[in-house]
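Below is one structure, written out as C-alpha cells; comments come after it.
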Amino acid sequence: MKNLFYILILGVSLLTSLVTTAQTARSGKKISTDLLGLFFEDINYAADGGLYAELVQNRSFEYNPGERREWHPFSYWEFILPGYSLGNISVETKSFIHPNNPHYIVVDAEFIGNYPQFTGEAGVGLKNSGFDGIVVREGEKYSFSMFAKQITDAPMEFLVSLQTSKGVVLAQNKVSTSVKSWQKYSALLSATANSDSASLVILAKTSGKVALDMVSLFPEKTFKNRPNGLRADLAQKLADMQPRFIRFPGGCLVHGNGLGNMYRWKNTIGPIEERKGQRNIWGYHQTAGLGYFEYFQFCEDIGAKPLPVLPAAVSCQNSGGTHVIGGAGQKALCIDDMDEYIQEVLDLIEWANGPVFSTWGAKRAAAGHPAPFNLEFVGIGNEDKMTPEYEERFRMIVKAVKEKHPEIAIVGNSGPFHSGADFEKGWTICNELNVPIIDEHYYVQADWFLANQHRYDKYDRKKGKVYLGEYASWGNKMKNAIAEAAYITGMERNGDIVQMASYAPMLAKKGFTQWTTDMIFFDNVNICLTPNYHVQKMFMTNQGDYYFDKVVLKDESNNLLAASCVQDSKTGDIIVKLVNAGTEAKTMKVDLSRFKNIVDNAEITKLSGSADAENTFDNLQKVAPSKSAFTAKSKFDYEAPAMSLTIIRVKTKK
Ligand code: AHR
C-alpha cells in the first residue's frame, strides 16, 4: 500500500514536471530553429589560399592577365635548373586534360647536371611557394599529386621535395612518369622539420620531355580528413560555432562581374581537373577546387543546413567598376537562354536531393555521396538592383522552382541596403510571389545597430520572413561586436519573423583583404578571432526555439542596454543574454520565476573589454570570452560590465 502511494506520488510529480516543461515552452514564443548561421564568400582569399587546403598556388597554370594585369599561366612558379642542368619549359594548350583546364606546362629536360663541383640535387624542374609560403610541420604528411603525360618515350624520374628558402630539404619522395596519356601520379611527403615559408620543388632527374598539370599539395590532415578538403584549423573554428546553416558561395561572387563571370555551380563539381576556374570578382583566381560538393559536404560535416545562392540570371550592378557611376553595370541573360538557365537551377535541387538514379543525383553519388544532402533552401540572387530585367528573370526562376519543387524554400533578395528603392521593390516582388524568405543586407555604423534594435518588432507577420544574409557594423573592435550583440537580441525577440541571419564577410587573409571588416582574420599559421566572432559564437552556441519576453527588466529607454531570453526545448535550458554597450556597468534585473524547475547550478559566459579593444596577430587573446559558474535564483540582479555580452545558461529539471 505504502509502495503504491509512492508510485502514485512519483507519477504525479513526473507528470507535473512534464506539464511544467511543456507549459514553459508553450508560454514562450516559437522562434526559428535556423536563426544563426554563417555566410561564406570567396573574398579576401577565403577559399583558395584560405579555407581550401590546397598549398600550391596556380596549380593548373590557369592564371591570366584578365584576372590581374601582371598574371600569366606561369605566375607563382619558378623554372629551376640546379646543378648546371639544361632544359626548357613552355606553356601549351594543344592537348589538355579537359577543355575547362586548357593550360599546362611542358618540361623539356635536356641535360641533368653531373658535375662533381655541385653537391646538391641537380635537375630540371619547377618550384612553387604556394600562397606566400608553404607551412610545413615536422611529423606531418603532405599529399603530393600531379597529372603528367610523357612526350618522349623513356620513363622519367622526378624528385619531389619541400624545401626552405635556403634549400634545406624538409621532406622528399620520388615519382616516375611513364604513360603517354594524362595520368595522375601521387606521393606522400613526410616532413622532418618545420618551416612557415617552404616551397614545393619538382625536379626531373632524368632527361626527357613531359607535360605537367594540376600540380597539387595538400596536408594529409584536412578537416575530417576529407580528400580535396579544408584547412583543419580554420574549419574547426567554424565548426566550433555550431552554425545552423551556411550560405555560400557569396556575396557578389555569386552574380559576378558581368554575365561571363556569374558563378555557375555545374562548373564546380566533378573531378577537380575538369572544373572551370575563373576570375574571382574580388580580383584574383578561383580554382573551384572548393566547389559545390565540398560546400555541401562541409555543411553536413558540421551539422549546418546548406543555403546555396544562385544568380538571378543577372550580373552584379557594379560590374566593370560601375559603382562609381551609380551601379549601372547589371547585365541580364538573354531571355532566349532562360529555359536553359532555369534548368540549371532545377538541376541543382536534383543534384542535392535527387535519387542516385536521377541524372544529377547520379553525379552526386559518383562524387561519393549517394545519400541526399537534404537541401531545404535555395537563394536566388544577391542584393541585386531591382531593374525590370532582373524582375522578369527572377519571376521566371521563382515560378519554375515553385512548380517543380514546392518543398524547397526560396530565398529572395532585397538589394544592398536596409532601405530605399531597391529594398522596397525587392520586398514587393517577393511578397507578390509569396517568396517565403527575403534576404536583407546592410553594413552600417555600430550606432545604427543600437538605434535600430527594434527594426523587426514592426515587421508584418503576414509577409515573407527575413533572412539577414549579410550584416556587420564597420569595425572589429569591441564596440562593434557589442552593438551587433544588442542587435541579435532584437533578432531573437523577433525570431518568429527573422528566420535566419549571418554576419559577413566571414574570412580574410592577412595582407590579401578586399573588405576590411571581417569575422576571422588568418595567415598561413595563425587565426585571429575578432570580438565579432566571439559574439557570433556565443549566440550561435546558445540558440533556443522559444523566446520569452519580460525576463530581463532594464531601462527600456536606454538603447545601450539589450537583453533576450530563449529556451532550448530539447535540453530545457533557459538562456539569458544581457548586453551593455555603454561605458559604465549597469544592473539589470533577471526574473526567472515563471520557470518553476530551474537548477541553481548555472554557467556564465562573458565577453567584455574596452570599447576600442580588438584582437591582433600580436595579441590574439586580448578579447576572449570567459566561462564561470553561477548560482541562479528565480530572481536576481546582474551587474553587466561596461561594453559586455553575458550569457547565463540555466538548466531545468526534467
Ligand atoms: O560581404 C562583402 C560583400 O558585401 C558581398 O560580396 C556583397 O554581397 C556585399 O555588398
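Here each label is just a point 7 Å from Cα along the line to Cβ, and for Asn526 and Ala613 those points are 1.8 nm apart. Accessible surface area normalised per residue over the chain is 41 Å², counting heavy atoms of protein chains with a 1.4 Å rolling probe.
The modelled label-to-label distance between Lys550 and Phe357, using points 7 Å beyond Cα along the C-beta direction, is 5.9 nm. Trp474 sits with roughly 100 Å² accessible to a 1.4 Å probe, with DNA, RNA and ligands left out of the calculation.
Taking the 1.4 Å solvent-accessible surface of the stretch 250-363 as the whole, the part contributed by carbon and sulfur is 53%.
Largest to smallest in accessible area, the residues Leu529, Leu310 fall in the order Leu529, Leu310 (1.4 Å probe, all protein chains included). The 1.4 Å probe gives accessible areas that order Ser502, Ser178, largest first, as Ser178, Ser502.
Across the chain the C-alpha pair distances fall into 20 Å bins from zero in the proportions 18, 45, 29, 8, 1, 0 percent. Principal-axis analysis of the Cα atoms of the chain puts helix 292-301 at an angle of about 50° to the longest axis. Note on Lys510 and Ser178: the extension gain reaches 115.4 nm, defined as 0.36 nm multiplied by sequence separation minus the Cα-Cα distance.
A Cβ-based charge dipole, computed about the Cα centre of the stretch 353-451 with Lys and Arg at +1 and Asp and Glu at -1, lands at about 580 debye. Of Ile488, His454, Asn476, which is farthest on the positive side of the dipole of the stretch 454-523, counting Cα position, with +1 on Lys and Arg Cβ, -1 on Asp and Glu Cβ, and the Cα centre as origin? Farthest along the dipole direction, towards plus: His454.
Placing Lys29, Lys276, Lys166 in order of accessible area, with the largest value first and a 1.4 Å probe, yields Lys166, Lys276, Lys29. Ignoring everything but the protein chains, give the 1.4 Å probe accessible area of Arg137 in square angstrom, nearest 10. Only protein atoms counted, so the area is about 80 Å². Extension gain, Thr631 to Asp591, is 13.0 nm, computed as 0.36 nm per intervening residue step minus the present C-alpha separation.
Between Thr206 and Glu340, the modelled labels are 4.7 nm apart [label points 7 Å from Cα along Cα→Cβ]. What FRET efficiency comes out for the pair Val168/Asn225, r = Cβ-Cβ distance, R0 = 25 Å, nearest 0.05? Result of the calculation: an efficiency of 0.30.
Phe417 contributes about 130 Å² of solvent-accessible surface, heavy atoms of the protein only, 1.4 Å probe. Counting only DSSP beta bridges whose two residues both lie in the chain, roughly 75 percent are antiparallel.
Which one, Ala504, Asn526, Thr631, projects farthest toward the positive side of the charge dipole computed for the stretch 496-654 from Cβ point charges (K/R +1, D/E -1)? Farthest towards the positive pole: Thr631.
Net charge in the neighbourhood of Phe394 (other residues with Cβ under 14 Å of its Cβ; Lys, Arg +1, Asp, Glu -1) is -2.
The magnitude of the dipole of the chain, with charges of +1 and -1 set on the Cβ of Lys/Arg and Asp/Glu and taken from the Cα centre, is near 2000 debye. Carbon-plus-sulfur accessible fraction, the stretch 474-514 (probe radius 1.4 Å, protein heavy atoms only): 51%. Computed from backbone phi with θ = phi - 60° and the Karplus coefficients 6.51, -1.76 and 1.60, the 3J(HN,Hα) list for the stretch 274-286 is 9, 7, 10, x, 7, 5, 7, 4, 8, x, 8, 10, 10 Hz; x is used for glycine and proline. The gain in end-to-end length when the Ala328 to Glu300 segment is fully stretched comes to 6.2 nm, 0.36 nm per residue minus the alpha carbon separation. Set against the 2.2 N^0.38 Å expectation for a compact globular protein, the stretch 197-277 has a Cα radius of gyration ratio of 1.52.
The values are calculated or read from the model by the stated rules, or taken from the named source; none is laboratory data. Computed from a prediction, not measured in an experiment: that's the story for all the values here. In this analysis, Cβ positions are derived from the backbone assuming ideal geometry, glycine residues included, and neighbour counts consider all displayed protein chains. Note: accessible area is taken over every heavy atom of the protein model, side chains too, but ligands, DNA and RNA are not part of it. Shrake-Rupley method; radii C 1.70, N 1.55, O 1.52, S 1.80 Å.
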